[in-house]
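Have a look at the structure below before the remarks.
The values are calculated or read from the model by the stated rules, or taken from the named source; none is laboratory data. Remember, predicted model here, so these are calculated numbers, not experimental data. Here the Cβ positions follow ideal geometry from the backbone for every residue, glycine too, while neighbour counts run over all protein chains shown. We work out accessible area using only protein heavy atoms, side chains counted, and drop any ligands, DNA or RNA first. Shrake-Rupley method; radii C 1.70, N 1.55, O 1.52, S 1.80 Å.
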Amino acid sequence: MPAPHLPDVVAEIAAEMRARPDRGEVATYIPELGRVDTNQFGLAVALGDGSIVCGGDCDAAFSIQSVSKVFTLTLALGFAGDRLWNRVGREPSGSRFNSIVQLEHERGVPRNPFINAGAIAVTDHILSGHQPREALGEIMRFMQFLASDDTIFIDKAVAASEERTGFNNRALANFMKGFGVLENPVEYVLGVYFHHCAIAMNCRQLARAGSFLAHRGKHPETGFSVVTPERAKRINAIMLTCGHYDGSGEFAYRVGLPGKSGVGGGILAIVPGKASVAVWSPGLDAAGNSHLGRIALETLTRRMGWSIFGADSDPI
Ligand code: GLN
């Protein structure tokens, strides 16, 4: 059997996903996200030579939401190194992304950097010693550099929408502040957090931004070393075990790649040594992860033989 041809596989998946009637449900707890049309689907695969294979609505900007947590974790590790792990754990939570129950039990130290509480603690770390505007500027410059695209922006309407309704995140942050885990004023930390969650990107930009994780920490286009190979390996490990909250086991079982989802319907998935993949479909499953995004990635890894756990016996 000939090797599967990536552009054909991407085009087939985009067509198949577009035709499916089961689209999932948009997140309505951030009202602005509740207005997004679930008929959209985009897929982009960034390869090591800098080329990107795209399908569907891969140029439409969407709210990356929790996918931003991969990049804030990378930045915070750059500032703090392993000291960051004194303030946040790296075990799967088995709980919903915005759960508060574990936090009391674990004295305000969040389980991992990808649940909301953990990401808020990471944001607090980036904020320390800076004004909120500077911290946000740092995050934006990092995203624009990684994506080689300085047009990436923050969707102010989405940020304002979450500022108005983010009661649960306020509870998490206040709780951590009570335990002495946050250094900065709660409203400053949440301001930066809500805004980095509201970064808008398209699949093409997001796939490119994640490329360093597929290539031992190196930005493939410039050869610039973003993180060490060891750190890239470890961020991928946390994406695999924690990137989909209480759906992380199911994602590993079905897709078999490190991945990070967001309630905007985006997923960034890493094929170590090969590719960085961004997929977007706004409708979510019960765990708050993109319904068709996961199915598309499962199809892609099966047809390309790309799971980190080994290929299926007969790809395609
Ligand atoms: N901004 C969202 C929130 O804090 C991010 C959650 C997500 O993408 N899972 O609720």
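Filtered by the rule that a residue be open to solvent by 20 Å² or more (accessible area, probe 1.4 Å) and either assigned to a helix (DSSP H, G or I) or among the β-branched types (V, I, T) (or both), region 52-74 gives I52, V53. Using the structure shown, decide if A44 is hydrophobic (A, V, I, L, M, F, W, C) and within 14 Å of the ligand (Cβ to nearest atom). Spelling it out, it is not the case that A44 is hydrophobic (A, V, I, L, M, F, W, C) and within 14 Å of the ligand (Cβ to nearest atom).
For P113, the criteria (1) over 16 Å from the mean Cα position of the chain (by Cα); (2) crowded, with 17+ Cβ neighbours inside 10 Å hold in every case but one, which is (1).
Whether any residue in region 153-174 is open to solvent by 20 Å² or more (accessible area, probe 1.4 Å), within 13 Å of the ligand (Cβ to nearest atom), within 20 Å of V88 (Cβ to Cβ) and not small (G, A, S) is what I want to check.
yes
Would you say S161 is touching a residue at least 40 places away in the same chain (Cβ under 8 Å) and under 15 Å from I64 (Cα atoms)? So S161 passes the test. Scanning region 1-23 for residues that are within 23 Å of Q65 (Cα to Cα) and open to solvent by less than 30 Å² (accessible area, probe 1.4 Å) yields A14, M17, R23. In this entry, A237 is excluded by the filter for residues that are open to solvent by less than 40 Å² (accessible area, probe 1.4 Å) and under 19 Å from T72 (Cα atoms).
Taking the conditions exactly as written (more than 16 Å from the ligand (Cβ to nearest atom) and either over 25 Å from H215 (Cα atoms) or not aliphatic (A, V, I, L, M) (or both)), does A60 satisfy them or not?
Yes, satisfied.
From the list F153, F114, the one residue that fits, being within 21 Å of G210 (Cβ to Cβ), of a type in the set (F, W, Y) and out of contact with any Lys or Arg (no Cβ under 8 Å at 6 or more places or on another chain), is F153.
The residues in region 193-226 that are assigned to a loop (DSSP other than H, G, I, E, B), under 24 Å from F309 (Cβ atoms) and out of contact with any Ser or Thr (no Cβ under 6 Å at 6 or more places or on another chain) can be counted, and the count is 2.
Condition check: among the charged types (D, E, K, R), touching a residue at least 24 places away in the same chain (Cβ under 8 Å) and not in a strand (DSSP E or B). Does R231 satisfy that? Considered against the rule, which asks whether it is among the charged types (D, E, K, R), touching a residue at least 24 places away in the same chain (Cβ under 8 Å) and not in a strand (DSSP E or B), R231 comes out as yes.
Please count how many residues of region 6-44 are under 24 Å from V271 (Cβ atoms), in a helix (DSSP H, G or I) and not aliphatic (A, V, I, L, M). Final tally of qualifying residues: 5. The set of residues from region 30-51 being open to solvent by 40 Å² or more (accessible area, probe 1.4 Å) and either within 28 Å of G223 (Cβ to Cβ) or modelled with pLDDT under 95 (or both) comprises L47, D49, S51.
So is L84 over 26 Å from E221 (Cα atoms), at pLDDT 95 or above and within 15 Å of the ligand (Cβ to nearest atom) or not? So L84 fails the test.
Of all residues in region 130-149, those that are at positive phi and at pLDDT 95 or above have Cβ atoms under 8 Å from Cβ atoms of residues that are assigned to a helix (DSSP H, G or I) and crowded, with 21+ Cβ neighbours inside 10 Å, 6 or more apart or on another chain, in S148/R208.
For region 245-257, the set of residues classified as more than 18 Å from Q65 (Cβ to Cβ) and either open to solvent by less than 10 Å² (accessible area, probe 1.4 Å) or more than 16 Å from the ligand (Cβ to nearest atom) (or both) consists of G249, A252, Y253, R254, V255, G256, L257, listed by residue number.
Out of curiosity, is V186 within 16 Å of the ligand (Cβ to nearest atom), surrounded by 15 or more Cβ atoms within 10 Å (Cβ to Cβ) and free of Cβ contacts under 8 Å to residues at least 40 places away in the same chain? Yes: the conditions hold for V186.
Can you name the residue in region 75-110 that is open to solvent by 70 Å² or more (accessible area, probe 1.4 Å) and among the basic types (K, R) and is also nearest to D285 (Cα to Cα) among such residues? The selected residue is R96.
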